[in-house]
Amino acid sequence: MSEDDTDTPSDDFDYVFDDKGELQVCDTCHGRRLLQRIRQINSQDGAFTALLKSVEKNLVTLVITEDDKGNELKYPKLQSDLGPAITALNESRTTRTLCDVILCVSDAKFHCHRAVLAASSPFFSTLLLGEFRERTDEKVRLNDVPPHIVSDLLDYFYTGSLHIRNSNVESLLHAASLFQLGSVVTACCRYLSRQLDSDNCFGILHFAEFYSCKTLVEEARAFAVDNFPDTVRTGEFELLSYDQVLFFLTDERCQWCKESVYEAVMKWTKADTTRREFLPALLRCADLRLMTEDYFKFNVKFDPLIKNDPECLDIIQEVEEDLFQQRTQRLPAEILVQVGGISGSEAAGHKPVKVPYMDCLGPWRCSHAILSDLPSSLVSKNCYLNVLAMDDDIYVLASMERCRAEDPREMQFWRYVSSGDLWLRLPDPLAFHQGQFGFVAAQGRLYAVGTNMTAEKAAECYESFSPRNNRWRKIAPVPHTAHKTVTSSCKGKVVVMGYWEGRHENFYVQTYDPSTDNWEHYDVESYHCGKPQYQSAVLGCKIYLMPLLGRRFSTCAFDTESRQFQKLPMPQQSHIHGGMTVVNGKIVLTGGSDYFKAYTCPVIELLDPDQGEWLDVGRQVEHLRRAHASVTIRDCGWIHEKLMKAMEENRKKYAELDDFVAGYELARTEGEDGLPAL
C-alpha cells in the first residue's frame, strides 16, 4: 500500500506538528465517512444489526412541540452533529458493549466491532466479511504487528485521530501498508519527510522504496542530491547499491562539483573491495575534466586505486589531455563579466527586477554578449551574491534569507567553469555570512570574511576554501571590530578596511597573512567621513575605492606600502552601486545609478592610473544594471565566438544608430543623451 493509493481526499485531514516535532493527524470528516461505510456493509448478523441500531439511536433526537391547538407533538430529528454518535461508538468499545470480535496480538487482546474494522480498512473488510474462517471466528490473531501499534490504529479507527512520533512511525507505516490504510501511509510519509537530514536520508530512501512510497522516495532523493557532500560524509552512502550510486551520479539535478562527486565515488568504492570493478565506469560518470587542475593533480592522479587499474589510467590520461587543451584555448585578451544585479529604475511607477544572468564585455572590441544564466536559486528574493574570479573561473558565494521557519537562512557556493560554460555547486561554508561580506582570493584560497559589511572580532564568520582539497576551514578572526567594511586581496594578503568601532574619524586597516594565519592592524585618518564603500579594485599595492553614496566624496586609492590615501578624480557619470574591476591594468566602471536612483547609468568609464583621468569608452544599450559585481577573466574560444556573433547581430539591430558600434554606442558629449549633467 503506497501513499498514492489512498481514496481519502487529503483536504479532509489536519496535519499539525507540535514543538517536539511530533505529528498530530485529525480526520475532519471521520464521523461522516465511518457511518457511511458502516451503512454500506451488507450483513444480516445479529451483532451488526444491534450495533447499527445503537449508532442510529444516537443520531436521532426526539423533538417535542405543540400544534396550533396546543396539542403535544413528538417526532424524531436527525442530528447534524455526528460527534455524540462517534463518541458513543468508541465508548461501547472501551466497555466491550456489542463487541463481536477480539483481536489477539502477542499477549494483548482488543475487543472491537467487526463493522468498524471493516469500514476502516479494506484488509479487515476482506478478512472479517469475506470467505475466510475469520468471518465467524470470535478471536482473530494478527501477526507481524506490535500491540501498541494496533492500539494506535484502533484509536484512529474509532476517533479519526493519530499521533505519529519517532518511536512509532516505522511500525505504523508497516502496519498501515499491511492493513491498506492509505491515509495513514500518507501521514507517516509526511512525518518522515519532515525528519530528513544528512544522517538518515539514505535510510529513509531505502525504507520508502521498500513500501513503494513514491512521493517520499522523490523527496529523500531530492534531499540527498541537494545536500550531496554532507550526506556522503555523514550518511549511509557506502551502503547503496551500484545502481543507486549510478542514479545519483547521473541525476540531472546533481549540479555538485566533480571534486565532491569524485570523493563520493572513492568512498563508496573503498568500502568494499568487490566494488573496484565498477570504478572505471563511475569515474567516467564523475567527468573529471571539470575539476580544478590543482585538485586533479594532488588528489586524483596518484591515488593508489587508480594507479593500479589500467582502465582508470586511460581515463586519467584523457583528462590530462583535456585539461591541457583547456589551457591552450585561453586567449590573452581579458574580458569583463557582469554578474547579477538589478535592472530598471527605482523611480515611481517603475518596478526593478533582478538580473538572472551574467554578460560579458570586451571594452576594447566594443562587444557584448549574454554569457550564462545564473542558477535559479541565486535569483530568488533576499539572495545576496558575493563574487570573485580566480584562475579564469567565477565563484559566487550567496547568502539567502528565506521565509521558511524551519530553514530561514541558507548559503550556496557556486563555481562557473568558463571553459565549459557550466555551473557547479561547491561545499557550503562552515558559518552563515549575512548579506554582503568580504569575499576575496589570495594565494590560491578563497576567503569569506565577516557578515553584513561588518567584521566582528568575537564572531565565527572567518573561513577559507581551498579548491585544491575542496574543503573549508576556519581562520583567525580580526583582532578589532570594524564596520562598513570593504575587503580586498593585495600582494597575496587579505585586507579588511572599515571604521573602527563606529568611530568615523579613523579608518582601520587589518591585514591577514595566509601563510601564518595572523592579522596585522593599524589605523589611518578616515578619507570618506564614515561613508561605506561598495566595491574595490586592486592594482599593484594600491586599493581603489569609491564611496557608496554621494558624489561630493571623491574616489581614492589607498597605498598599502605608504599607508596613505591618494585623491583621484571622480568619474564623469554617477556609478552608485556600479561594478568595478581591473581589465588590462585599467580600472573599469560599469552600470550603477544616479544619486536619486532615477536611472541606471549606461556609460562605461575607464581610469588609467598613469593618466589620472576617467575616459568614456562607450555605452551599453541593453542589459543595464546596478548592485552587480564586475570581475575579469581571460577570453577563450567559445566566448570569443559568442562575442563576435553578438557584434554582428547588434550591428544589424542598431543599424539606424550612426554612432553605434557592436553593442555599444560611442562616447557622446555631455548632455546629448538626455542624462543629467553631473
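Summary table below
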{"item": "Answer from Ala208, Ala187, Ala175, Ala224 - the residue that is in a helix (DSSP H, G or I), under 26 Å from Leu424 (Cβ atoms) and out of contact with any His (no Cβ under 7 Å at 6 or more places or on another chain)", "result": "Ala224"}
{"item": "Members of region 433-464 that are modelled with pLDDT of 95 or more, surrounded by fewer than 22 Cβ atoms within 10 Å (Cβ to Cβ) and over 23 Å from Phe507 (Cβ atoms)", "result": "Ala441, Gln443, Gly444, Arg445, Glu463"}
{"item": "Test: residue in region 604-620 that is within 30 Å of the chain's Cα centre (by Cα), in a strand (DSSP E or B) and among the charged types (D, E, K, R)", "result": "no"}
{"item": "Number of the condition not met by Ala108 [criteria: (1) within 17 Å of Thr159 (Cα to Cα); (2) at pLDDT 70 or above; (3) not polar (S, T, N, Q)]", "result": "(1)"}
{"item": "Within region 439-461, considering residues that are in a loop (DSSP other than H, G, I, E, B) and touching a residue at least 60 places away in the same chain (Cβ under 8 Å), the one farthest from the chain's Cα centre (by Cα)", "result": "Gln443"}
{"item": "Residue match in region 181-191 (condition: closer than 26 Å to Ala50 by Cα and either of a type in the set (A, V, I, L, M, F, W, C) or buried (at least 19 other Cβ atoms within 10 Å of the Cβ) (or both))", "result": "no"}
{"item": "Selection from region 537-565 of residues that are under 23 Å from Arg619 (Cβ atoms), of a type in the set (A, V, I, L, M, F, W, C) and at pLDDT 90 or above", "result": "Ala537"}
{"item": "Test for Gly612: is it over 30 Å from Ala398 (Cα atoms) and free of Cβ contacts under 8 Å to residues at least 60 places away in the same chain", "result": "yes"}
{"item": "Region 1-40 - residue that is in a loop (DSSP other than H, G, I, E, B) and of a type in the set (Gly, Ala, Ser) and, of those, modelled with the lowest pLDDT", "result": "Ser2"}
{"item": "Matching entry among Asp608, Asp658 (being assigned by TED's automatic domain parsing to the domain that holds Thr555 and modelled with pLDDT of 80 or more)", "result": "Asp608"}
{"item": "Looking only at region 211-221, and only at residues there that are buried (at least 18 other Cβ atoms within 10 Å of the Cβ) and out of contact with any His (no Cβ under 8 Å at 6 or more places or on another chain), the one that is farthest from Glu263 (Cα to Cα)", "result": "Cys213"}
{"item": "Region 94-124: number of residues that are assigned to a helix (DSSP H, G or I) and more than 20 Å from Leu181 (Cβ to Cβ)", "result": "1"}
{"item": "Count of region 462-485 residues which are within 30 Å of Asn299 (Cβ to Cβ) and part of a strand (DSSP E or B)", "result": "9"}
{"item": "Count of residues meeting criterion [among the β-branched types (Val, Ile, Thr) and either in contact with a Pro (Cβ under 6 Å, 6 or more places away or on another chain) or surrounded by fewer than 16 Cβ atoms within 10 Å (Cβ to Cβ) (or both)] in region 238-292", "result": "4"}
{"item": "Only listed residue being charged (D, E, K, R), over 23 Å from Glu22 (Cβ atoms) and not in a helix (DSSP H, G or I), chosen from Arg276, Arg253", "result": "Arg253"}
{"item": "Checking Leu568 against (1) touching a Lys or Arg at 6+ places or on another chain (Cβ under 9 Å); (2) modelled with pLDDT under 90; (3) crowded, with 18+ Cβ neighbours inside 10 Å, the condition it does not meet", "result": "(1)"}
{"item": "Scan of region 125-150 for residues that are in a helix (DSSP H, G or I), of a type outside the set (Val, Ile, Thr) and modelled with pLDDT of 95 or more, ordered by number", "result": "Pro147, His148"}
{"item": "Criterion violated by Tyr534 - all others in (1) in contact with a Leu (Cβ under 7 Å, 6 or more places away or on another chain); (2) modelled with pLDDT of 85 or more; (3) under 19 Å from Ser489 (Cα atoms) satisfied", "result": "(2)"}
{"item": "Residues being over 16 Å from Ala115 (Cα atoms) and in a loop (DSSP other than H, G, I, E, B) - total across region 151-172", "result": "4"}
{"item": "Meets criteria (closer than 19 Å to Gln338 by Cβ, in contact (Cβ under 8 Å) with a residue 60 or more places away in the chain and in contact with a strand residue (DSSP E or B) (Cβ under 8 Å, 6 or more places away or on another chain)) for Leu424", "result": "no"}
{"item": "Output for region 218-256, where each listed residue is closer than 19 Å to Phe296 by Cβ and within 15 Å of the chain's Cα centre (by Cα)", "result": "Pro229, Trp256"}
{"item": "Residues that are hydrophobic (A, V, I, L, M, F, W, C) and crowded, with 20+ Cβ neighbours inside 10 Å, drawn from region 154-168", "result": "Phe157, Leu162, Ile164"}
{"item": "Residue within region 131-141 that is surrounded by 19 or more Cβ atoms within 10 Å (Cβ to Cβ), within 48 Å of the chain's Cα centre (by Cα) and not charged (D, E, K, R) present", "result": "no"}
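Conditions (1) touching a strand residue (DSSP E or B) at 6+ places or on another chain (Cβ under 8 Å); (2) within 30 Å of Asn584 (Cβ to Cβ), marked per residue:
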{"position": "Trp268", "(1), (2)": "no, no"}
{"position": "Ala286", "(1), (2)": "no, no"}
{"position": "Tyr295", "(1), (2)": "no, yes"}
{"position": "Leu313", "(1), (2)": "no, no"}
{"position": "Glu320", "(1), (2)": "no, no"}
{"position": "Met358", "(1), (2)": "yes, yes"}
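The values are calculated or read from the model by the stated rules, or taken from the named source; none is laboratory data. For clarity, every value in this text was computed on a predicted model and none was experimentally measured. Positions of Cβ are generated from backbone atoms using ideal geometry, with glycine treated the same way; all protein chains shown enter the neighbour counts.
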